[in-house]
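> This is the structure I want to talk about, given as C-alpha cells.
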Amino acid sequence: MNRRQALRDIVGGGAASGALVALGTKPAAAAPERPSDDPLVERAKLAMLSMQREAWEQGVAMQALLEWGERDMVVRMAHGALLRAYDDGRLGMVSDNHGVTDPAANGEGVLFAARVTGNKAFKDGADRMLMYLLKTAPRTADGTLHHIDHKPQVWIDSMYMAPPFLAVAGASAEAVKQVEGFRKLLWSPSANLFSHIWDDGKKALERMAFWGVGNGWAAAGMTRVLQALPEGMAVGKKRLQGYIKEVLDGCLRHRRPDGFFHDVVDDPKTFVETNLGQMLSYTIFRGVRAGWLPKSYLADADIMRRAARSKVDGLGYVRDVCGSPTFEKPGIATEGQAFFVLMEAAARDLQA
C-alpha cells in the first residue's frame, strides 16, 4: 500500500478512515503519565519519535513508551498502526517491506489502547493481527513463522516481534511454540548463541553469523513472553528462563571491558556496537526484578548501562548502534533509541 492508496482509503471511508474517526473517542485518561526526571531519557524519546517509520520501529517504540509510562503517546501511536494496517491484518505497514512478524510488534500497544479507551477499532485491529499470525502468515512445515512473505526464511528478529504479542493476546501456547521453533532452527548449543537467518527452502542457514542485535532480540523477546505467560504454564516459564540465561551467558562471555560488543559477537573484526548491551541490560533488570535471574548478573548490566549512557549525544541519539537502514555499520536506529528507554525503564523499576 502506498501513500496515494492510503489517501484513497481515507476519502473512501475504508478501514484507515475508521482510525481517523476514532481520534474523537475517549482519551486515555485511565492511563496516568509517569513524569521523567532524567533528561537523557527525555532526549532519547524525542529522537526515537523523530525517526520511527517502519512496522518494527513503530512497535518497539510503542513498547518503550508503554514501559516508561507515556500511555497517551502509546494510544496516539496505536492510531497510526491502525491507519497503516493491511487488509490481511498486518499493522503499521508504512512500506511494503514484506514483513510477516514485524507488524506484530505493534500488537501490544494496540491492545493497550483498546483496554484504556474502550474503542472497538483497536480491539478489532489487534484481533486481525492475531488472526494473521495464527491463520494466514507463511510458516515452515512444523509451524514456525517466516519473517518475510516473499522468501521461506526464519529470522531471529522474529523472536521479539511475534511471540510477545501472541502471549499478551492470550495465545500463550502458540507463543511458546514459536519460541521453540525459532530456537530449533537458529540456536547453536556449542556457542550458546543464535544465528541470524535460516532458509527453509535450502534447509540451511542463510546467515550463520551470531549477530549481536539478533541475540538481543532473542533475549528481550523471550523475556517479554515470560512476563506475559499465565501462572499455569509453570513448565514453559521455567524452560524459557533457562533459554534466556543460556543466551545471556553466551553473549556475556564476549563482552568487551568497555561494556560494548562487536556487531558479530564472536568476531572482533566487526565494528563495536552499542545496542546489544542495552538489550541485555533490559533483560537482566527485568529478570532480577522478577526473581528468576540471580543478582550476580547485575554487575554486567550496570557496566553495559553506563557504556550505553555514555553514547547519548546532545540531541538524544544513541550513537554507534547497528545503524539503520542497512544495519551494516555503526549509526543510529529506532531500536537503539527504544532499547535505551526500555533499559532505563527496567532499571528504574528494579530500584523502585
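> Please tell me the relative contact order of the chain in percent, rounded to the nearest whole number, where contacts are Cα pairs under 8 Å and at least six residues apart.
16
> Further question: Give the carbon-plus-sulfur fraction of the accessible surface of the chain in %, rounded to a whole number; probe 1.4 Å, heavy atoms of protein chains only.
It is 55 percent, rounded to a whole number.
> Once you list every other residue whose beta carbon is under 11 Å from the beta carbon of D199, what net charge do they have if Lys and Arg are +1 and Asp and Glu are -1?
With Lys, Arg at +1 and Asp, Glu at -1, the net is +2.
> Moving on to the next point. Placing one identical point scatterer on every Cα of the chain and ignoring solvent, what is log10 I(q)/I(0) from the Debye formula at q = 0.08, 0.12, 0.15 Å⁻¹?
-0.35, -0.82, -1.33
> Using square roots of five times the C-alpha gyration tensor eigenvalues, list the equivalent-ellipsoid semi-axes of segment 225-269 in whole Å, biggest first.
Each semi-axis is the square root of five times an eigenvalue, giving 31, 9, 8 Å.
> Name the residue from A175, A162, W211 whose Cα lies farthest towards the positive end of the charge dipole of the chain, charges +1 on Cβ of Lys and Arg and -1 on Cβ of Asp and Glu.
A175
> For D266 and T326, calculate 0.36 nm times their separation in residues minus their Cα-Cα distance, and state this gained length in nm to one decimal.
Using 0.36 nm per residue and subtracting the Cα-Cα distance, I get 19.5 nm.
> Name the residue farthest towards the positive end of the dipole of the chain from the options T223, N275, I197, assuming +1 on Cβ of Lys and Arg, -1 on Cβ of Asp and Glu, about the Cα centre.
Working it through, the farthest residue towards the positive pole turns out to be T223.
> If you put +1 on each Lys and Arg Cβ and -1 on each Asp and Glu Cβ, how big is the dipole of segment 36-128 around its Cα centre, in Debye rounded to 20?
Rounded to the nearest 20 debye, it is 260 debye.
> Among all the lysines, which ones have a C-alpha under 17 Å from K45's C-alpha, if same-chain residues fewer than 8 places away are not counted?
Once the sequence-local lysines are set aside, what remains near K45 is K311.
> Under 10 Å, Cα contacts only: if you run a Gaussian network model on the chain, which one of A191, A81, A228 comes out with the highest mean-square fluctuation?
A191
> Please report, in debye to the nearest 20, how large the charge dipole of segment 175-307 is about its Cα centre when each Lys and Arg carries +1 at its beta carbon and each Asp and Glu carries -1 there.
Roughly 400 debye for segment 175-307.
> Nothing charged except the Cβ atoms of Lys and Arg (+1) and of Asp and Glu (-1): what's the magnitude of the dipole of the chain about its Cα centre? Round to the nearest 20 debye.
About 380 debye.
> What shape does segment 169-258 take by its C-alpha gyration tensor, where a ≥ b ≥ c are the square roots of the eigenvalues and a/c under 1.5 counts as rounded, a/b above b/c as prolate, and the rest as oblate?
Taking the square roots of the gyration eigenvalues as a ≥ b ≥ c, segment 169-258 is oblate.
> Here's another thing I want to ask about it. Rounded, prolate or oblate, given the Cα gyration tensor of segment 202-352, with a/c below 1.5 counting as rounded?
oblate
> So, counting K/R as plus one and D/E as minus one, what does the shell of residues with Cβ under 13 Å around G80 add up to?
+1
> Okay, next question. Express in whole angstrom the spacing between the alpha-carbon centres of segment 239-264 and segment 62-109.
28
> Quick one: net charge around G89, please, counting Lys, Arg +1 and Asp, Glu -1 for every other residue with C-beta under 14 Å from its C-beta.
Neighbour charge sum, excluding G89 itself: -1.
> Please say if segment 76-126 is rounded, prolate or oblate, where rounded means a/c under 1.5 for a ≥ b ≥ c the square roots of the C-alpha gyration tensor eigenvalues, and otherwise the choice is prolate for a/b larger than b/c and oblate otherwise?
Because a/c hits 1.5 or more and a/b exceeds b/c, segment 76-126 counts as prolate.
The values are calculated or read from the model by the stated rules, or taken from the named source; none is laboratory data. Predicted model, so just to flag it, every value in this text is computed and none were measured. Every residue, glycine among them, receives a Cβ derived from its backbone with ideal geometry; neighbour counts consider all protein chains shown. Ligands, DNA and RNA are excluded from the accessible area calculation, which covers all protein heavy atoms including side chains. Shrake-Rupley method; radii C 1.70, N 1.55, O 1.52, S 1.80 Å.
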